[in-house]
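Report on the structure given below.
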Amino acid sequence: MSLAVEEDIPLSALLREGTRADHGAANSEDFIEQLMSGALNRAAYADLSAQLLVVYEALEEAGAAVRGDERGAGLVFNELTRVPAIEQDLAFLYGASWREEIRILPATREYADRVREVSGSLPHYAAHSYTRYLGDLSGGQIVKRMMKQHYDLDGDGVAFYTFPDIPKIKLFKDAYRNELDDLGLNDDEVAATLAEAHHAFHLNRVVFTGLAEIHC
């Protein structure tokens, strides 16, 4: 019997503790540290936003598929949809022709390809959804504050980190974790979720490395 079953540890807690080191490593990437400190420029932030578009297009396609899963439908929240917000940011950061201006890194395409590859699996979707959306609602709010402070972005350009349909973020995060914990995954599925969450952080860090090669 697995530790998760023996001790009845909720999946959200397993993910939080199991990815703590991954989260710290991602935040310590040169690109993120320099972006957050104000050492880079708006172009670096714009480049990051372009990468996010491709990842979230894949993630939200996967979410649409999960809506048809009896167990996983409750894990897909309309309030979390990010693609329109990213497109809004890119239009502000690059101008009306942003689709022709943005550059997508090979590492970003690999990340999006992985999300699409596993999109039919609820455990794998749960891993990617957790690492991205809860990150946006947590550390992402600090990113928003730092981007506004360092790169003269006051409202415009940070729509991605703004959730107008979520008035109380803490309460929403609690509701999200409850849905995650109630998925009813078996031991093998829990293991797959944890493994995929580690992989998601790895893919994210490779994107940061690619951005650092350009901007740092």
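A few remarks follow.
- Exposure here means at most 16 other Cβ atoms within 10 Å; with trypsin sites (Lys or Arg not before Pro) in a DSSP loop as sites, the longest stretch of the chain lacking them is 1-66.
- Fully extended contour minus Cα-Cα distance, from residue 71 to residue 30, at 0.36 nm per residue: 10.9 nm
- Sequence-distant aspartates and glutamates (8 or more away, or on other chains) whose Cα lies within less than 17 Å of residue 170: 79, 136, 179, 181
- With R₀ fixed at 22 Å, the C-beta to C-beta distance from residue 88 to residue 64 puts the FRET efficiency at about 0.60.
- Pairs of alpha carbons in segment 155-203 whose separation is greater than 18 Å (percent): 56
- Projected over all directions and averaged, the alpha-carbon convex hull of segment 105-216 occupies 8.3 nm².
- Of 119, 129, 37, the one that fluctuates the most in a GNM where the chain has Cα springs shorter than 10 Å: 37
- For the chain, the alpha carbon convex hull comes to 113 Å³ per residue, rounded to a whole number.
- Diffusion coefficient, µm² s⁻¹, Stokes-Einstein with Kirkwood Rh over alpha-carbon pairs of segment 1-112 at 20 °C and 1.002 mPa s: 127
- Residue-level accessible surface for residue 196, protein heavy atoms, 1.4 Å, Å²: 10
- Taking label positions 7 Å along the Cα-Cβ direction at both residue 99 and residue 146, the computed distance is 3.2 nm, reported to one decimal.
- Distance distribution note for segment 114-167: the fraction of Cα pairs above 17 angstrom is 49%.
- Fully extending the segment from residue 170 to residue 17 would add 53.2 nm, taking 0.36 nm per residue of separation and subtracting the current Cα-Cα distance.
The values are calculated or read from the model by the stated rules, or taken from the named source; none is laboratory data. In this text the structure is predicted, and so the values were computed from the model without any measurement. Note that each Cβ is placed from the backbone with ideal geometry, even for glycine, and that neighbours are counted across all protein chains shown. When the accessible area is computed, the model is the full protein with side chains, heavy atoms only, and any ligands, DNA or RNA have been set aside. Shrake-Rupley method; radii C 1.70, N 1.55, O 1.52, S 1.80 Å.
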